[in-house]
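Enquirer: Can you keep this structure in mind? I'll have questions shortly.
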Amino acid sequence: MFFVNQPLIVDLTRLLPGPYGTFLLAQFGARVVKIEDKGKGDYLKSLFPEREGEDAYIYHLLNSCKEIRYLDLKQAVDREEFLQLVKEADLLIESFRPGVMERLGLGYDFLQTLNPRLAYITIGGYQPDSPWAKDAGHDLNYQAVGGIIGSTGKQERAIPGLLLGDLAGGMALFAVAAAALYKQAVSGQGGRYTIGIAEVVQSWANVTGAFYGQDKRRYPLPGQGVVAGGIVCYNLYRCLDGYVVLAALEEKFWANFCRATGKEHWLSQQFAPALPGQPVYEEVCQYFAQRRREQILAELGDKDCCLSPVLELKELVPDSETEHRERITGFVR
């Protein structure tokens, strides 16, 4: 457990970002009570189930570690049960569109009168002052306005194969919740916090953009930046049976790669453009294209040159549900 005292978290979120964030909180020791309506419950249940009539595996994976209660917050008895929970709670998290909780008479200003130390987090697609604040949205929207899709691909834009926006939002929720709980433990004070998923992704875009400075004229076209496949030493390469990446951004790693491949004439070409027709780029592509991934890893895997295989989802997801949870939280020990 990462918490000194087990916090009680009331979770009103649905789909992926909120439930992923509260899953992490539960895995690290919080008691999470998830509130779902008495109709269809969390929409994630019905998204792509493996078998008809069963909850989707992703829903089960993220939520079976929580206490699930089905409440209609417009009904007096259910509303009272909810309010009793709030009085005991350390943290409440919701993901409704702006104004929904207030229209239910359950906004932060009211709930704080019942529990002055309550921390209250709203996680939504956009911050309240965003031009898209009232718009519906999903991961693809957040990736689009957050700069991920506009920075992915070379000849054409591409959709990344991971739900980067939703997962970034869930991780941000985990961080903000932990900070809010720490403040509460130290000061006894609650507070209200809002997370915009698109803004989380945009913050990543701004960090990435800082590599190119403040002069926007220096910003490369998609696929041509130093961190986006624009240079030889930091790129994606096709081999006979898949792909590998080379990320030899520092001189020592590039030198290790050149010497291990017997191509010391490449040493001065570390930052050569990765463009068709560029001699060193074509040679490096040819080196990888003639070999299988296993052979490449055998030849270069211990040469300290920042070489990695490109793994597919099916190579990463385990068969055991227990191990699956462990891998999701395995980023910290």
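The values are calculated or read from the model by the stated rules, or taken from the named source; none is laboratory data. The model shown is predicted, which means the values in this text are computed figures rather than measured ones. Here the Cβ positions follow ideal geometry from the backbone for every residue, glycine too, while neighbour counts run over all protein chains shown. Surface accessibility is based on the protein's heavy atoms, side chains included, excluding ligands, DNA and RNA. Shrake-Rupley method; radii C 1.70, N 1.55, O 1.52, S 1.80 Å.
Enquirer: Here is a check on your reading of the model: is A198 open to solvent by less than 50 Å² (accessible area, probe 1.4 Å), under 23 Å from the mean Cα position of the chain (by Cα) and more than 29 Å from S268 (Cβ to Cβ)?
Expert: In short, yes.
Enquirer: For the condition assigned to a loop (DSSP other than H, G, I, E, B) and touching a helix residue (DSSP H, G or I) at 6+ places or on another chain (Cβ under 6 Å), what is the one hit in L73, L44, L24, L62?
Expert: Values: L44 fails: assigned to a loop (DSSP other than H, G, I, E, B); L24 fails: assigned to a loop (DSSP other than H, G, I, E, B); L62 fails: assigned to a loop (DSSP other than H, G, I, E, B).
The unique qualifying residue is L73.
Enquirer: Among the listed residues E299, E282, E251, E294, identify the single one that is of a type outside the set (S, T, Y) and either touching a helix residue (DSSP H, G or I) at 6+ places or on another chain (Cβ under 6 Å) or within 28 Å of V207 (Cβ to Cβ) (or both).
Expert: E251
Enquirer: May I ask you to say which residue of G53, G41 is open to solvent by less than 10 Å² (accessible area, probe 1.4 Å) and within 28 Å of I328 (Cα to Cα)?
Expert: G41
Enquirer: When you go through (1) surrounded by 14 or more Cβ atoms within 10 Å (Cβ to Cβ); (2) more than 31 Å from the chain's Cα centre (by Cα); (3) of a type in the set (A, V, I, L, M); (4) farther than 16 Å from L307 by Cβ one by one for L267, which number turns out not to apply?
Expert: Of (1) surrounded by 14 or more Cβ atoms within 10 Å (Cβ to Cβ); (2) more than 31 Å from the chain's Cα centre (by Cα); (3) of a type in the set (A, V, I, L, M); (4) farther than 16 Å from L307 by Cβ, only one is false for L267: (1).
Enquirer: I've got another one for you. Scan (1) surrounded by 11 or more Cβ atoms within 10 Å (Cβ to Cβ); (2) among the β-branched types (V, I, T); (3) assigned to a helix (DSSP H, G or I) for the single condition V226 breaks and write down its number.
Expert: (3)
Enquirer: Can you work out which of the residues in region 203-237 that are over 18 Å from A272 (Cβ atoms) and of a type in the set (A, V, I, L, M) is nearest to the chain's Cα centre (by Cα)?
Expert: Across region 203-237, the extreme among qualifying residues is A205.
Enquirer: Could I ask something else about it? Which one of the conditions (1) open to solvent by less than 40 Å² (accessible area, probe 1.4 Å); (2) assigned to a helix (DSSP H, G or I); (3) more than 21 Å from Q224 (Cα to Cα) does C305 fail to meet, given that it meets all the rest?
Expert: Going through the list (1) open to solvent by less than 40 Å² (accessible area, probe 1.4 Å); (2) assigned to a helix (DSSP H, G or I); (3) more than 21 Å from Q224 (Cα to Cα), C305 breaks only (2).
Enquirer: Does region 1-21 hold any residues that are in a loop (DSSP other than H, G, I, E, B) and closer than 13 Å to L44 by Cβ, and which are they? Can you show your working first?
Expert: Pass one, region 1-21, residues in a loop (DSSP other than H, G, I, E, B): 1-7, 13-16.
Within region 1-21, T13, R14, L15, L16 meet the criteria.
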